Structures are given as C-alpha cells and as structure tokens.
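Chemist: Dropping the structure in here first, questions after.
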Amino acid sequence: MERKRPPCDGVEHVPPAAAAAAGCGTRGRAVIAVQLYTIRALLQDPSSLGGVLGRLREIGYRSVEVAGLGPAVVDRFGEELKRADLIACAAHVPLERLTRDLDAVAAECREWHCEYVVVPSVPERYRSEEGYRRFAQEATELSRRLKPSGLRLVYHNHAHELERFGAQTGLDTMFSAATADSLHAELDTYWLQFGGASPAAWIRRFKGRAPLVHLKDMAVDRGNPVDAEIGEGNLDWMDILGACRDAGTTWLVVEQDNPRREPLESVAISYANLTKLTAKLGWGG
C-alpha cells in the first residue's frame, strides 16, 4: 500500500526521506532541528540522556544534528533517540575520524538514520588557497566512499574560509573545486556575518547545494560579538529565512556555541521564535 505523503503547507519535522518525498524546501516546508553541540554539557551522562532528549521533544523539536556526545553515551544514543521520538538529520564528524574510520561512521549514521555527514571544519594545514583545493579533492573521494551507504558529504563553515586569496574566498575555492554532487554546504549564519559577509546572499548563491543551514543569531555584549538565541540578536531573519526558502534548504538547524542561558532554555527560545518567524514569512503553519 502506498504511504500518504505528508503535506508541505507549514514548518514541520519529518525524517529526511519523508522530507524529500514531500517535496519540502522551495516547494513546501522546512524542517526545524537542533544541533546537539548547543547542549553538549548535558550529553555526557548515560543516566540522564533519555531525559534530555525527551525534553527536546517536549519543546517541539523532532530532529537533531549529532555532535558533542560524551564517549559514555554513544552506545545508547540510538536507542534513546528512538525512545524520545526523535530522528537525526546529520552528524558532525571531524575530518581525521572520517578519513580513518569511515566504515564505522557510516554504521553509526545508518543506526541514527542520518542522511548527511558533516565535516565541521578543516585543520590549519588546509587553510590556504591550495589547501582548500586539496580538501575538495579529498572530499570528492570521501563522498564516493559514502555514497553506497546512502550518505551525502557536507562542509560546515566558520569565518576563516572567508579569507580572500586574490578574487576568491577560501569557501569559493573549496566549492568551485568540488562538484555539487560530491560536496554540499551547511552555511552558518553567525560565522558568515562574523566574517563580514551577508548570510542571506551566501545562502542564495548556494541554491540547490545547501540542504542544511546553521541558524545562530549575533548580539553584542560589552562591545564584543556573541552568539544568541534566534530572534534575540541583530541578524535579519526575514531575509535569511527567505534565502533558505529560495535556495531549497530543508533543514533549519538551531545552534549556539556558548549559550548565556541554561542550554535547554536557549534552544526553547530559539524554537519558539523561529516558528513565529517562519509563520510570518508564510513558510509556517
């Protein structure tokens, strides 16, 4: 019997396959997820893992991006994720581990039902014009090896990739040296702004190649830039979210590197504000 396709008339939270089947993105709804690095301090003790994931579900999240898990909780994570009625859209994996342990990474991602493997940054040795090209070549090979497991390779930017080498930034160099099929982007709004770039403009440039976007606001504290909950800082969220919709982004991933509130309170504020913003844009229910 054919499964009924979920509707795409608002912001919703569905597994990757269901999101794709529903035609989400430019033709429908986005998917709100939370980057677990934001609450990493709460993800070290196996005895409290289930309660923490359950709280995310109560807030409204139905999807997470995996990072920051303590060694003691990794073996139980898949079981507790399922018990909390959550799914994982992606996992952040350091390049060294991905290169060394690709089969084990693929097995974890299959258990967690991830669709994307995200390289969170590149080591210092790649941070030159030639280094970014070299990474693109290595990423092409990693992508080829991940493909049989149904996994897609993604790169997450910080600010250092916006350093210019002549007419191009490192981010331009990296992505122009890799095909769209072999390397996707997870653009980070905070780090793009921090690097002096327009988050919305970059997201639009990556139309069709940015399935996930890290949503992180920027505020000012005593003259210094700090990350903030969505809608509590100074970024232009209507422009950014409109760009995500135009670019075909499916996963809107809430993140804060260093919450100034209790982490679960921060992700609850971001969820509530993001839901209102997407509704105002007409991308919500």
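Chemist: Can you name the residue in the stretch 103-150 that is touching a Gly at 6+ places or on another chain (Cβ under 6 Å) and of a type outside the set (D, E, K, R) and is also surrounded by the fewest Cβ atoms within 10 Å (Cβ to Cβ) among such residues?
Modeler: W112
Chemist: Select from the stretch 238-283 the residues that are closer than 12 Å to I32 by Cβ and of a type in the set (S, T, Y) and list them in ascending order.
Modeler: Within the stretch 238-283, T249, T250, S270, Y271, T275, T278 qualify.
Chemist: Can you find even one residue in the stretch 97-114 that is closer than 22 Å to A185 by Cα and aromatic (F, W, Y)?
Modeler: The answer is yes, given that some residue of the stretch 97-114 is closer than 22 Å to A185 by Cα and aromatic (F, W, Y).
Chemist: Which one of these is of a type in the set (S, T, Y) and farther than 20 Å from A90 by Cβ: Y116, Y132, Y155?
Modeler: Result of the check over Y116, Y132, Y155: Y132.
Chemist: Tell me which strands (runs of 3 or more DSSP E) are completely within the stretch 171-276 and hold 3 or more residues being closer than 29 Å to R145 by Cβ and at pLDDT 95 or above, or say none if there are none.
Modeler: Hits in the stretch 171-276: 184-188, 212-215, 251-254.
Chemist: A further question on this structure: Every residue in the stretch 134-166 that is closer than 21 Å to L192 by Cβ and among the charged types (D, E, K, R), please.
Modeler: E161, E163, R164
Chemist: Take the residues in the stretch 156-169 that are outside any loop (DSSP other than H, G, I, E, B) and in contact with a Leu (Cβ under 7 Å, 6 or more places away or on another chain); name whichever of them is surrounded by the most Cβ atoms within 10 Å (Cβ to Cβ).
Modeler: E161
Chemist: Which residues, counting only those in the stretch 198-216, are in contact with a helix residue (DSSP H, G or I) (Cβ under 7 Å, 6 or more places away or on another chain) and under 26 Å from L264 (Cβ atoms)?
Modeler: Answer for the stretch 198-216, where residues must be in contact with a helix residue (DSSP H, G or I) (Cβ under 7 Å, 6 or more places away or on another chain) and under 26 Å from L264 (Cβ atoms): P199, V213, H214, L215, K216.
Chemist: Which condition from (1) more than 21 Å from P120 (Cβ to Cβ); (2) buried (at least 21 other Cβ atoms within 10 Å of the Cβ); (3) β-branched (V, I, T) is the one that T275 breaks?
Modeler: (2)
Chemist: For the stretch 227-272: of the residues being over 21 Å from L42 (Cα atoms) and acidic (D, E), which is surrounded by the most Cβ atoms within 10 Å (Cβ to Cβ)?
Modeler: Of everything passing the filter in the stretch 227-272, E232 is surrounded by the most Cβ atoms within 10 Å (Cβ to Cβ).
Chemist: Okay, moving on. Output the residues belonging to the stretch 189-243 that are of a type in the set (G, A, S) and free of Cβ contacts under 8 Å to residues at least 24 places away in the same chain.
Modeler: Listed by number, the residues that qualify are S198, A219, G223, G233.
The values are calculated or read from the model by the stated rules, or taken from the named source; none is laboratory data. Because the structure is predicted, anything quoted here is derived from the model rather than measured. Heads up, the Cβs are rebuilt from the backbone with ideal geometry, glycines too, and the neighbour counts pull from every protein chain shown.
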